[in-house]
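First up is the structure itself, then whatever we jot down about it.
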Amino acid sequence: MKQKVDDARQQIEDAVLDSEEALESFRLTYLSRNGLFSSLFEEFKALPGPEKKEVGKPLNVLKVFAEQKFAQAKESLEEGKETIRSATDDVTLPVEPSALGSMHPLTLVRHEMTQLFMRMGFTVADGPEIEDDFHNFTALNFPADHPARDMQDTFFVRKGDRAEDRSDDLVLRTHTSPVQIRLMKEQKPPIRAIMPGRVFRNEAVTYKSYFQFSQVEGLVVDTSITMADLIHTLVTFAKMMYGDHIEYRVRSSYFPFTEPSIEMDVRTSSDADWMEILGAGMVDPNVLRAVDVDPDVYSGFAFGMGIDRICMLKYGFSDIRTLYENDLRMLSQFEHIGGVR
Ligand code: DAH
């Protein structure tokens, strides 16, 4: 009797119940009224006492196991049928669209500005956010210890924790102007490029200033480039960005790397406040010399625009911090990727 129970366990464990036919034949063989368990229990009843004790428990355990195996196999076969049925419903129906998030307003404005300048024939260049003193200041005609360096409160970067790792040489770039230097070292004129990127300044956080922001730098170098080319480019940009009705004014200013230097303000109507959106000027001959471009042959203009300001004016943000808090209530109002909300 014990041998019979062991054999039955082996067969039940090995049985593969992957179709309705296999399931039915399993039920008939083991679980039905004329199946193996019925006859084993009949036989069990007739056993003498001590043998009953030995076989009773394994026989019961095996029966429960066989019933569970049957029930589970039946359930998974039915689930399988369910999936096939729903898959054949209507495969031509459009899928439920899933939202992938939205473009950040700063990204939208950066893309738009890049597109506008590309239409004017500008290429796009890029540089590192961690800069050395030479590119961020010296080559841009900021002499060492010159007060002009204080125009931009700087974050310094240490290479490590040891005393010799501390130097003033590495900074988080305070503007995108160092990319001009990298570009002119790589490429000889004619140059007509923009350089968008993130910049950092050690400034108090208020509604109008933040410790990081974004700029689009521009540089044009060729023979006989003049201030008229600069102003024309900036005005064309402002009109394409905001529409023909935009009002602008150009003020003289100072930057170490341009001479003369200007700033440009815009406003959307005559009762709105002026907003400064860029600094610009004719590239200082010292900057050209620092990258081995002959200022007697070439001249150029450069500009640096604040993307944040341009974005705030375009979408009516009054607090720059809104652009960095990533509040979903703000973000979800912007163009959704795939056009889905
Ligand atoms: N780098 C300047 C700043 O961040 C902006 C600027 C002014 C860039 C004049 C220029 C320029 O290229 O010509 O304040």
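Values quoted throughout were computed directly from the atomic coordinates according to the rules given, and no laboratory measurement underlies them. A quick note: this is a predicted structure, and the numbers were derived from the prediction, not measured. Counting neighbours? That spans all protein chains shown, and the Cβs are built from the backbone with ideal geometry, glycine included.
Close amide-amide hydrogen proximity is noted between Asp169 and no other residue 5 or more places distant or on a separate chain, at a cut-off under 5 Å (H modeled in the peptide plane; Pro and chain starts excluded). When the charge dipole of the chain is built from unit charges on Cβ atoms (+1 for Lys and Arg, -1 for Asp and Glu) and taken about the Cα centre, the candidate among Leu17, Pro190, His245 whose Cα reaches farthest toward its positive end is Leu17. The residue list Val297, Phe317, Val287 was ranked by how far each Cα lies along the charge dipole of the stretch 271-326 toward its positive end, using unit charges on Cβ atoms, and Phe317 comes out on top. Listed by chain and number, the lysines whose C-alpha is less than 28 Å from the C-alpha of Lys208, apart from same-chain residues fewer than 8 away, are Lys239, Lys314. Expressed as a whole percent, the proportion of Cα-Cα pairs in the stretch 91-250 lying more than 29 Å apart is 34%. Label-to-label distance for Val157 and Asp271 is 4.8 nm, based on points extended 7 Å past Cα in the beta-carbon direction.
Can you work out the FRET efficiency for the pair Glu203 and Asp296, with r the C-beta to C-beta distance and R0 = 51 Å, to the nearest 0.05? Each step should come with its number before you reach the end.
Details: r = 39 Å, r/R0 = 0.76.
For Glu203 and Asp296, the calculated efficiency is 0.85.
Answer with one residue from Val179, Val266, Ser76: the one whose Cα lies farthest towards the positive end of the charge dipole of the chain, charges on Cβ with Lys, Arg +1 and Asp, Glu -1. Among Val179, Val266, Ser76, the one farthest towards the positive end of the dipole of the chain is Ser76. Report D for the stretch 72-121 in µm² per second (integer): Stokes-Einstein, Kirkwood Rh on Cα pairs, 20 °C, 1.002 mPa s. Once the numbers are plugged in, D ends up at 135 µm²/s. Charge dipole (Cα centre; +1 on Lys/Arg Cβ, -1 on Asp/Glu Cβ; no other charges) of the chain amounts to roughly 800 debye.
Kindly provide log₁₀ I(q)/I(0) values, in the same order as q = 0.11, 0.13 Å⁻¹, from the Debye equation applied to equal alpha-carbon scatterers of the chain. Debye intensities relative to I(0), on a log10 scale: -0.80, -1.04. Considering only Asp244, Asp145, Asp153, the Gaussian network model of the chain with Cα springs below 10 Å gives its largest mean-square fluctuation to Asp145. The distance from the alpha carbon centre of the stretch 130-183 to that of the stretch 203-281 is 24 Å, rounded to a whole number. The modelled label-to-label distance for the pair Thr83/Asp169, using points 7 Å beyond Cα in the direction of Cβ, is 6.0 nm. In terms of Cα atoms, the Rg and Dmax of the stretch 173-291 work out to 15.4, 46 Å.
Across the stretch 2-83, the relative contact order, built from alpha-carbon pairs under 8 Å that are at least six residues apart, equals 36 percent. Against the longest principal axis of the chain, how steep is helix 105-119, in degrees 0 to 90 to the nearest 10, with axes from Cα atoms? Once rounded, one gets 60 degrees. The convex hull drawn around the Cα atoms of the stretch 2-83, when projected onto a plane and averaged over every direction, covers 5.3 nm².
Values of log10 I(q)/I(0) for the stretch 218-341 across q = 0.12, 0.13, 0.17, 0.19 Å⁻¹ run -0.58, -0.66, -0.91, -1.02, by the Debye formula with one identical scatterer at each alpha carbon and no solvent.
Using alpha-carbon pairs under 8 Å, 6+ residues apart, how would you state the relative contact order of the stretch 102-340 in percent?
Values: 436 pairs, mean separation 53.3, N = 239.
Here the relative contact order equals 22 percent.
Largest mean-square fluctuation among Leu17, Leu230, Leu172, in a Gaussian network model of the chain whose springs join Cα atoms under 10 Å apart, belongs to Leu17.
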